[in-house]
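As structure tokens, the structure follows; a few thoughts come after it.
The values are calculated or read from the model by the stated rules, or taken from the named source; none is laboratory data. This one's a predicted model, so the numbers in the text were calculated from it and none came from an experiment. Positions of Cβ are generated from backbone atoms using ideal geometry, with glycine treated the same way; all protein chains shown enter the neighbour counts.
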């Protein structure tokens with residue numbers, strides 16, 4: 001593991017391990033119910049294979065994650081990002097009620113410490129989800145207000161209104177306080193109160209001191225810049241190798257140009273890549289202006305990538321978390337109408353892009369749930385997978401690491417034909433030519449014969465002809 005070093009406030013540098021990271025996002029309740037939980041826990045959970053619902057717990061825990069680490073390591077994953085794991089009354093745990101305790105259903109503090117140890121033994125890393133914009137109704141200062149109203153000394157931790165204070169309003173009633181997206185279950189913190197800021201900073205520092213390697217920061221754009229100005233510094237003051245990533249879906253220049261974060265969740269790479277590889281066969285009922293699934297021409301796709309990269313510094317582009325999908329959007333395979341060949345193209349493009357690739361749990365074995373909550377389905381307990389592409393992902397990760405210096409420099413794309421994109425990866429050591437054919441029907445005849453094939457998809461025809469829905473990489 002990288003050694004901790006003294007941190008210089010003037011140099012908010014990207015942690016050294018990040019450029020070689022391949023991240024795997026885990027929704028803990030649905031990933032793996034451990035053997036320890038099954039034998040020692042008397043809690044009643046829903047059936048593991050039940051369809052995903054907004055409510056209810058399946059009983060996945062952090063000991064279960066430990067049991068799957070060798071599985072992930074074999075694929076080439078070396079970093080896990082966990083959805084929230086602090087004590088909460090929701091299966092997704094964005095309703096935090098105790099920021100200093102790991103949810104007992106997940107195994108408690110012991111499970112996290114064991115997980116950190118097991119990850120670090122394997123030279124793997126862990127990123128936690130920090131939900132600092134809002135809390136749950138069970139959070140102790142808010143509970144104090146529920147009991148005491150405006151006579152509570154904690155009343156300034158939240159923005160209370162003159163309307164009746166009612167944390168459980170009926171239809172057409174108001175709750176009387178600021179809450180996230182008008183959900184009374186998620187009271188928003190008042191960041192004008194220094195006690196709130198100090199408390200949340202102490203949470204961040206506490207878990208870094210316990211050994212975590214990074215933070216993914218929920219709805220970061222809704223939290224004042226003044227807080228983020230302190231957060232990155234405070235984390236790196238403890239360990240300069242901590243990776244700080246903000247959840248900003250669109251243009252993040254306001255947050256990255258001043259180095260509030262090392263990077264952001266780069267959804268623009270995700271939605272544009274899926275929109276292109278689908279070849280106008282896109283399943284897109286999901287509507288989100290920051291994740292606009294829509295048919296794209298090759299020119300439109302490459303322009304989106306170019307504009308996105310141009311917004312940020314080289315270091316920020318290397319620190320961005322690039323993802324196709326997550327717990328908040330339909331799964332990539334669902335968006336692609338369960339076309340596994342299109343998914344393979346999308347994963348290839350994700351993994352040869354500069355920045356940190358993130359694979360959502362179950363992508364490697366064909367999970368294909370739609371919009372929330374269906375994208376949060378349980379990882380199958382059986383070892384029989386219908387669309388097992390683990391070996392394919394393993395091969396791309398191996399390719400990425402072998403040529404990471406070239407990938408770090410970035411790829412320059414052109415489009416010789418509408419369904420074809422051609423990329424150049426150059427470094428002092430290598431010159432690599434990449435061709436990708438998204439067409440589901442048409443072959444592509446390469447413009448010339450190249451010297452050496454170094455990587456290709458399974459749909460290979462010959463050195464001169466690129467099959468439909470395939471890619472090839474040459475060393476030129």
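So which of 64, 130 is farther than 19 Å from residue 210 by Cβ and either surrounded by fewer than 24 Cβ atoms within 10 Å (Cβ to Cβ) or modelled with pLDDT of 95 or more (or both)?
Values: 130 fails: farther than 19 Å from residue 210 by Cβ.
Only one candidate qualifies: 64.
Just to check your reading of the model, which residue among 345, 367, 425 is surrounded by 15 or more Cβ atoms within 10 Å (Cβ to Cβ), touching a strand residue (DSSP E or B) at 6+ places or on another chain (Cβ under 9 Å) and in a helix (DSSP H, G or I)?
Just one listed residue meets the conditions, 345.
Yes/no matrix, rows are residues, columns are (1) more than 30 Å from residue 302 (Cβ to Cβ); (2) crowded, with 20+ Cβ neighbours inside 10 Å:
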| position | (1), (2) |
| --- | --- |
| 193 | yes, no |
| 197 | yes, yes |
| 201 | yes, no |
| 214 | yes, yes |
| 234 | yes, no |
| 247 | no, yes |
| 264 | no, yes |
| 270 | no, yes |
| 275 | no, yes |
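So which residues in segment 159-189 are within 20 Å of residue 98 (Cα to Cα), part of a loop (DSSP other than H, G, I, E, B) and touching a helix residue (DSSP H, G or I) at 6+ places or on another chain (Cβ under 6 Å)?
Within segment 159-189, 167, 186 qualify.
When segment 440-475 is examined, which residues are found to be part of a loop (DSSP other than H, G, I, E, B), surrounded by 14 or more Cβ atoms within 10 Å (Cβ to Cβ) and under 33 Å from the mean Cα position of the chain (by Cα)?
440, 457, 459, 460, 467, 468, 469 - these are the residues of segment 440-475 that are part of a loop (DSSP other than H, G, I, E, B), surrounded by 14 or more Cβ atoms within 10 Å (Cβ to Cβ) and under 33 Å from the mean Cα position of the chain (by Cα).
Any residue in segment 390-411 that is part of a loop (DSSP other than H, G, I, E, B) and under 25 Å from residue 21 (Cα atoms)? Talk me through it step by step, then tell me what you get.
First, pick out the residues of segment 390-411 that are part of a loop (DSSP other than H, G, I, E, B): 403, 410.
If we keep only those that are under 25 Å from residue 21 (Cα atoms) as well, we get 403, 410.
Among the residues of segment 390-411, at least one is part of a loop (DSSP other than H, G, I, E, B) and under 25 Å from residue 21 (Cα atoms), which makes the answer yes.
Just one of (1) closer than 20 Å to residue 244 by Cα; (2) in contact with a strand residue (DSSP E or B) (Cβ under 6 Å, 6 or more places away or on another chain) trips up residue 219, so point out which.
(2)
From the residues in segment 391-408 that are in contact (Cβ under 8 Å) with a residue 40 or more places away in the chain and surrounded by fewer than 16 Cβ atoms within 10 Å (Cβ to Cβ), which one is nearest to residue 353 (Cα to Cα)?
404
Just the residues that are surrounded by fewer than 23 Cβ atoms within 10 Å (Cβ to Cβ), touching a helix residue (DSSP H, G or I) at 6+ places or on another chain (Cβ under 8 Å) and assigned to a loop (DSSP other than H, G, I, E, B), please, taken from segment 78-102.
78, 92
When you check residue 294 against the structure, is it touching a helix residue (DSSP H, G or I) at 6+ places or on another chain (Cβ under 6 Å) and part of a loop (DSSP other than H, G, I, E, B), yes or no?
Values: touching a helix residue (DSSP H, G or I) at 6+ places or on another chain (Cβ under 6 Å): yes; part of a loop (DSSP other than H, G, I, E, B): yes.
Criteria met by residue 294.
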